[in-house]
Ligand code: GCU
């Protein structure tokens, strides 16, 4: 096999890729700094998505072989080309034998697996074997990875299958061309290295957990199958948008149990039908979900969908035609034991706290959270702001960075399009208002609207420090203007907030998308003393009551539910933790700010009776 890259036999540079004496040159991998070049394409993107509702899957969760790879030996020495052969086999590199690697759980974060890996940031390899039969009749065998942070390469039986960029969205890899009958070896390189041209870029206020941290599963689908299904309420009835995996013509059937049935005429792989029906509407007070089934040939998919209408009228938000006020709070994916992993217990605990706060909406910051979050929110009647991590100073002038952000946005929307709880797509957070950023973000707003005309688009913007008004140029393209401000914490007093709200006169709804204050759980003192629980309680109380005075502010998202790990915070109180949670990192100890916020939400941003 000819190998790419510069080959060096110890004395002189050999021509492009070659062996010496019939055995691979033992030094060939020491001088090939282009080792990633052969593994940059194919890219695994939203175009390869498979609609998963109702499909049988084979889970690959469990213990995998695992090794950290800070020097990128896996690609340099092409570990993936050698399955677990005996280490004395002369045809494999001396430094590799995944059969004897450590074990690590999938889903999992290596950062919480071993103390010495907590701050390991770099490449790591997961590998395992699985039994499979070579698909027949044109069927495809697809690997679905719920999320891996932050860029991921998939190899099967020695072949490179694709590269995915993005640490929080599901992606799909068609293994069919590489599957062999019987035992197959899948190897996955996950690289958590932060990069200036990535999304997010290398500077964030959250901890960089690395791992294959959501479900990994195999799914067999027919050659032509449903790749995307979007079912939503429109003025004319229920729209059913169907996208198939190839440009075929045909007819699909849709059945919404107890509501309506119909056919979808498919042309060139896509089709839409409007079912003339009037579903019982979903809302936090009416959790009606319908079972939807769509069949195309032998491919049958299902979903549980709530039908509701979210819109803005002037400076008002409306849910099902009624004024909606947002009593919100932000949340990260961060857990003392689970790292960035979430499970149903952890997710339901978050929502139990939200309910105790009297909150009706959560901001899943600053990246797509686990898909269970929106499913459980549908069941419980909690609204969601979901977003992609276009956070702070992203490389706005770099087209590949835009394509990365756009792809993550489409992957998120395709994953959660049928979740009634999701009312807002957030396309950015605290990005300075520059020309390149405006072009970049306008492109994301357009992409969101093209993918989903039914929801509202927002972003967490900054205030204009010259005019002291809400004047981010991106606001003209948003449905709802999110506004991050920390009067009372990063600047003294609340006069600035009052001035800002009095000076501003937006023509669309505004939410305070972030505000809050750090508090050390258990630290008490006068409410003038920073980092006390009393001080945090005062800030939250004042922030909510002042924001509620502006008739164009339709709600607040307090930052945030739980204290979280971040190395940016190193004061004597913080030591690597952001303490703006109203609950400590143990997700049990409530601070006075919890009670204060609950009281504030009992008085402000109430829905009209
Ligand atoms: C910013 C940022 C958050 C950060 C917060 C803070 O608003 O969006 O990610 O954690 O400030 O200062 O705590």
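The values are calculated or read from the model by the stated rules, or taken from the named source; none is laboratory data. Source: prediction; values computed, not measured. Reconstructed Cβ throughout: ideal geometry from the backbone, glycine too, with neighbour counts over all protein chains shown.
Considering only residues in region 543-562 that are outside any loop (DSSP other than H, G, I, E, B) and out of contact with any strand residue (DSSP E or B) (no Cβ under 8 Å at 6 or more places or on another chain), the one that is surrounded by the most Cβ atoms within 10 Å (Cβ to Cβ) turns out to be 546.
Quick check, is residue 376 out of contact with any strand residue (DSSP E or B) (no Cβ under 9 Å at 6 or more places or on another chain) and under 27 Å from residue 234 (Cβ atoms)?
The answer is yes for residue 376.
For region 157-172, the tally of residues that are part of a strand (DSSP E or B) and within 23 Å of residue 35 (Cα to Cα) stands at 7. Check whether at least one residue in region 58-73 is touching a residue at least 40 places away in the same chain (Cβ under 8 Å), touching a helix residue (DSSP H, G or I) at 6+ places or on another chain (Cβ under 9 Å), part of a helix (DSSP H, G or I) and surrounded by fewer than 20 Cβ atoms within 10 Å (Cβ to Cβ), and report yes or no. Taking every residue of region 58-73 in turn, at least one turns out to be touching a residue at least 40 places away in the same chain (Cβ under 8 Å), touching a helix residue (DSSP H, G or I) at 6+ places or on another chain (Cβ under 9 Å), part of a helix (DSSP H, G or I) and surrounded by fewer than 20 Cβ atoms within 10 Å (Cβ to Cβ). Would you point out the residue of region 536-562, among those that are touching a helix residue (DSSP H, G or I) at 6+ places or on another chain (Cβ under 9 Å) and either without any contact (Cβ under 8 Å) to a residue 24 or more places away in the chain or within 14 Å of the ligand (Cβ to nearest atom) (or both), that is farthest from residue 515 (Cα to Cα)? Only one residue tops the list, namely 562.
Looking at residue 529, is it touching a helix residue (DSSP H, G or I) at 6+ places or on another chain (Cβ under 8 Å) and surrounded by 20 or more Cβ atoms within 10 Å (Cβ to Cβ)? Walk me through how you get there before you give the answer.
Values: touching a helix residue (DSSP H, G or I) at 6+ places or on another chain (Cβ under 8 Å): yes; surrounded by 20 or more Cβ atoms within 10 Å (Cβ to Cβ): no.
Answer is no for this residue.
Hey, does region 519-535 have a residue that's in a loop (DSSP other than H, G, I, E, B), within 15 Å of the ligand (Cβ to nearest atom) and in contact with a strand residue (DSSP E or B) (Cβ under 7 Å, 6 or more places away or on another chain)? Yes, region 519-535 has at least one match. Of the residues screened, residue 482 is not one that is assigned to a loop (DSSP other than H, G, I, E, B), within 16 Å of the ligand (Cβ to nearest atom), within 30 Å of the chain's Cα centre (by Cα) and touching a residue at least 40 places away in the same chain (Cβ under 8 Å). Scanning region 128-156 for residues that are assigned to a strand (DSSP E or B) and within 24 Å of the chain's Cα centre (by Cα) returns 142, 143, 144, 145, 149, 151, 152, 153, 154, 155.
Contact map, region 511-531: first residue closer than 15 Å to residue 589 by Cβ, second residue more than 14 Å from the ligand (Cβ to nearest atom) and in a loop (DSSP other than H, G, I, E, B), Cβ cut-off under 6 Å, separation 6 or more or different chains; pairs are 519/591; 521/584; 521/589; 521/591; 523/532; 524/532. Taking the criterion of being touching a strand residue (DSSP E or B) at 6+ places or on another chain (Cβ under 6 Å), surrounded by fewer than 13 Cβ atoms within 10 Å (Cβ to Cβ) and in a loop (DSSP other than H, G, I, E, B), the residues of region 253-283 that qualify are 257, 276. The set of residues in region 582-596 that are touching a residue at least 60 places away in the same chain (Cβ under 8 Å) and part of a loop (DSSP other than H, G, I, E, B) comprises 582, 584, 585, 586, 587, 589, 591. Could you tell me whether any residue of region 164-175 is within 16 Å of the ligand (Cβ to nearest atom) and either in contact with a helix residue (DSSP H, G or I) (Cβ under 6 Å, 6 or more places away or on another chain) or without any contact (Cβ under 8 Å) to a residue 60 or more places away in the chain (or both)? Looking for residues that are within 16 Å of the ligand (Cβ to nearest atom) and either in contact with a helix residue (DSSP H, G or I) (Cβ under 6 Å, 6 or more places away or on another chain) or without any contact (Cβ under 8 Å) to a residue 60 or more places away in the chain (or both), one finds none in region 164-175, hence no.
The condition of being loosely packed, with under 14 Cβ neighbours inside 10 Å and within 30 Å of residue 369 (Cα to Cα) holds for only one of 286, 227, that being 286. Scan region 563-583 for residues that are crowded, with 19+ Cβ neighbours inside 10 Å and more than 12 Å from the ligand (Cβ to nearest atom) and the total you get is 2.
For residue 200, the criteria (1) surrounded by fewer than 24 Cβ atoms within 10 Å (Cβ to Cβ); (2) within 16 Å of the ligand (Cβ to nearest atom) hold in every case but one, which is (1).
If the condition is being at pLDDT 95 or above and on the phi > 0 side of the Ramachandran plot, then region 429-472 contributes only 430.
Within region 485-500, can you find the residues that are more than 15 Å from the ligand (Cβ to nearest atom) and not in a helix (DSSP H, G or I)? Matches in region 485-500: 492, 493, 494.
Would you check if residue 327 is more than 14 Å from residue 231 (Cβ to Cβ), part of a strand (DSSP E or B) and in contact with a strand residue (DSSP E or B) (Cβ under 8 Å, 6 or more places away or on another chain)?
Yes: the conditions hold for residue 327.
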